[in-house]
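For reference, the structure is listed below as structure tokens.
The values are calculated or read from the model by the stated rules, or taken from the named source; none is laboratory data. Keep in mind that what you see is a predicted model, and the values were worked out from it rather than measured. Ideal geometry is used to build each Cβ from the backbone, glycine not excepted, and the neighbour counts take in all protein chains shown.
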Amino acid sequence: MSSRPLVAGVDTSTQSCKVAVCDAETGEVVRLGRGTHPDATEVDPAHWWRAWEEATAGGLLDGVSALAVGGQQHGMVLLDEADEVVRPALLWNDTRSAGTARDLVDELGGAQAWADAVGIVPLAAITAAKVRWVRDHEPASMDRAARVVLPHDWLTGRILAAGGGFDGWTTDAGDASGTGYFSAATREYRPDLLRMAAGRDLDVPRVAGPAEVVGRTRDGIALAPGTGDNMGAALGLGLLPGDVVVSLGTSGTAFARHDRPTADPRGFVQSFADAEDGFLPLVCTLNAARVLTSGAAMLGVELADLDRLAMAAEPGAGGLTLLPFLDGERTPNLPTATGALHGITRGNATPENLARAVVEGMLLGLADAVDAVRDAGCPVERVLLIGGAAKSAAVQAIAPDLFGAPVAVPAPGEYVAVGAARQAAWALSGAPAAPGWGVDIEATADPRDPAAGAETRERYAAALASAYPQA
Ligand SMILES: Nc1ncnc2c1ncn2[C@@H]1O[C@H](COP(=O)(O)OP(=O)(O)O)[C@@H](O)[C@H]1O
Ligand SMILES: O=C(CO)[C@@H](O)[C@H](O)COP(=O)(O)O
């Protein structure tokens with residue numbers, strides 16, 4: 001074991017809790033733990049605590065000096081005066097708040113007004129729309145609520161409380177900027193917008209500095225503020241100008257570091273703060289790794305066989321196009337959409353083409369997301385592929401042509417958890433900047449047949465326009 005100081009980072013994500021213990025100087029991962037979350041879009045935070053206990057069992061944190069929590073963004077955790085959870089948390093991927101999001105957009109005077117106010121336009125995913133949903137549909141819960149916090153805030157506070165060191169709720173600018181009542185540009189809350197959503201005032205967590213120690217456990221572990229999972233991944237990867245990340249987890253995201261806030265009235269690009277002093281324009285889709293899982297299930301094969309089948313088909317899947325909206329969709333804003341397979345003929349109806357259409361369909365939604373990040377002012381010199389589905393050989397092979405850019409695949413790793421650990425190391429050091437941890441790139445690939453990629457994208461755009469002209 002390393003004799004140098006150890007730090008830990010947590011990724012409390014949609015499907016699981018992952019904890020990486022790292023060497024504070026080099027970032028080398030020395031231990032990893034994992035616990036699972038229920039497959040639901042509303043979850044009692046007690047499950048996150050159980051998964052954290054599972055992930056850290058057996059002395060995983062022995063010798064750790066500092067820790068930070070990265071977490072799924074936007075989830076609404078309502079707490080009462082005694083800090084008890086009022087109702088199960090509504091997660092980012094719960095679409096019941098689509099209508100209340102539209103109400104909020106109208107009440108402020110339209111999408112541009114929101115983009116100007118906080119850099120994001122409310123959609124079902126955004127915390128403010130979930131708060132409004134509770135106000136409208138569960139008034140007794142709203143009456144009981146005293147404050148609203150995010151998943152990473154809740155787990156940070158719970159770890160501190162269990163270790164005897166809780167001294168009030170905290171968050172960071174990165175995660176706060178996904179609420180709809182905090183502006184990435186000003187780094188300040190907009191209590192008027194939270195009041196508009198909730199119908200009354202609610203307490204919010206204090207926004208800690210990027211490398212502040214927000215508390216210590218009884219064992220002396222210092223807690224850094226933590227951040228949203230995508231901000232954590234950005235920190236874990238140490239992004240350079242020209243890098244755009246595509247993360248293929250439960251959500252699909254495309255994002256880059258930027259030196260200024262953006263304001264997209266279409267609501268595609270959300271202007272988040274990063275976990276340092278910059279910005280993180282980000283596009284998020286609801287359908288990523290689980291499209292592959294469903295595709296494999298549909299074909300009755302394992303994920304590795306889905307890869308083999310997909311790579312045995314020609315680019316363009318013989319004309320089969322999958323609209324991958326299996327869980328509805330967030331970008332484009334189609335919360336009630338369903339998936340659809342376009343262009344089936346007797347000639348192309350093969351398992352190979354179906355597998356290829358599944359992989360291409362998932363990536364095509366993200367190709368539009370990469371374009372939107374580019375349009376927001378971030379050059380795309382290479383795409384860094386991370387998240388569970390980045391392990392797929394077919395995804396790695398097919399992505400460069402569809403993204404029209406070189407793709408780099410970092411060595412498999414838990415980059416959100418590693419990014420959180422890097423924040424913890426930063427807080428521990430007291431230095432003005434995060435320590436310079438490197439990233440190993442395992443594979444890079446340039447586009448091989450960009451014309452075929454462009455043709456597949458055109459067919460996808462046509463299928464999307466015919467099924468959902470409003471997209
Ligand atoms: N080799 C693989 N090919 C495709 N999907 C994979 C592979 N390995 C893991 N996954 C999928 O990745 C997802 C988990 O990714 P992860 O980034 O950890 O998600 P999250 O952070 O949202 O919980 C699961 O849906 C899992 O099925
Ligand atoms: O809502 C967003 C980003 O805005 C999602 O990216 C969530 O942060 C969930 O992330 P994963 O569980 O897929 O990592």
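Numbers below:
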{"read-out": "Qualifying positions in region 1-43 - without any contact (Cβ under 8 Å) to a residue 40 or more places away in the chain and either of a type in the set (Asp, Glu) or more than 16 Å from ligand 2 (Cβ to nearest atom) (or both)", "value": "Ser2, Ser3, Arg4, Asp23, Glu28, Val30, Arg31, Gly33, Asp39"}
{"read-out": "Residue within region 101-114 that is in a loop (DSSP other than H, G, I, E, B), aliphatic (A, V, I, L, M) and closer than 20 Å to Val148 by Cα present", "value": "no"}
{"read-out": "Residue count, region 408-445 (criterion: more than 26 Å from the chain's Cα centre (by Cα) and not hydroxyl-bearing (Ser, Thr, Tyr))", "value": "3"}
{"read-out": "Unmet requirement for His47, which otherwise passes all of (1) away from ligand 1 (no atom under 15 Å from the Cβ); (2) part of a helix (DSSP H, G or I)", "value": "(1)"}
{"read-out": "Residue among Ala128, Ala146, Ala140, Ala113 that alone is among the hydrophobic types (A, V, I, L, M, F, W, C) and more than 19 Å from Arg200 (Cα to Cα)", "value": "Ala113"}
{"read-out": "Hey, Arg135 more than 18 Å from the chain's Cα centre (by Cα), more than 13 Å from ligand 2 (Cβ to nearest atom), touching a residue at least 40 places away in the same chain (Cβ under 8 Å) and not in a helix (DSSP H, G or I) or not", "value": "no"}
{"read-out": "Count of residues meeting criterion [among the charged types (D, E, K, R), surrounded by fewer than 18 Cβ atoms within 10 Å (Cβ to Cβ) and over 21 Å from the mean Cα position of the chain (by Cα)] in region 347-392", "value": "1"}
{"read-out": "Subset of region 1-52 (residues that are of a type in the set (S, T, N, Q) and at pLDDT 95 or above)", "value": "Thr12, Ser13, Thr14, Gln15, Ser16, Thr26, Thr36, Thr41"}
{"read-out": "Unique residue being surrounded by fewer than 19 Cβ atoms within 10 Å (Cβ to Cβ) and more than 22 Å from Thr253 (Cα to Cα) when the list is Ala51, Ala57", "value": "Ala57"}
{"read-out": "Any chance Val213 is part of a strand (DSSP E or B), among the aliphatic types (A, V, I, L, M), under 26 Å from Tyr415 (Cα atoms) and touching a residue at least 60 places away in the same chain (Cβ under 8 Å)", "value": "no"}
{"read-out": "Meets criteria (modelled with pLDDT of 95 or more, outside the structural domain of Val395 (by TED's automatic domain parsing) and not in a strand (DSSP E or B)) for Ala197", "value": "yes"}
{"read-out": "Filter result for the condition that a residue is over 18 Å from Gly419 (Cα atoms) and crowded, with 24+ Cβ neighbours inside 10 Å, over His37, His74", "value": "His74"}
{"read-out": "Residue count, region 290-332 (criterion: under 18 Å from the mean Cα position of the chain (by Cα), among the charged types (D, E, K, R) and part of a helix (DSSP H, G or I))", "value": "1"}
{"read-out": "Odd one out for Ala434 among (1) modelled with pLDDT under 95; (2) buried (at least 19 other Cβ atoms within 10 Å of the Cβ)", "value": "(1)"}
{"read-out": "Hits in region 379-405 - residues which are within 16 Å of ligand 2 (Cβ to nearest atom) and assigned to a loop (DSSP other than H, G, I, E, B)", "value": "Gly387, Ser392"}
{"read-out": "Residue among Thr56, Thr12, Thr26 that is in the same structural domain as Gly228 (by TED's automatic domain parsing) and under 29 Å from Val283 (Cβ atoms)", "value": "Thr12"}
{"read-out": "Residues within region 251-270 that are within 9 Å of ligand 2 (Cβ to nearest atom) and surrounded by fewer than 24 Cβ atoms within 10 Å (Cβ to Cβ), tallied", "value": "0"}
{"read-out": "Any hit, region 252-265, residues being within 16 Å of ligand 1 (Cβ to nearest atom), farther than 14 Å from Gly377 by Cα, under 17 Å from the mean Cα position of the chain (by Cα) and touching a residue at least 24 places away in the same chain (Cβ under 8 Å)", "value": "yes"}
{"read-out": "Positions within region 148-190 being in a loop (DSSP other than H, G, I, E, B) and over 18 Å from the mean Cα position of the chain (by Cα), in sequence order", "value": "Gly163, Gly164, Gly165, Phe166, Asp167, Gly168, Trp169, Tyr181, Ala185, Thr186, Arg187, Arg190"}
{"read-out": "Sole residue being touching a Ser or Thr at 6+ places or on another chain (Cβ under 6 Å) and of a type in the set (A, V, I, L, M, F, W, C), chosen from Ala424, Ala408", "value": "Ala408"}
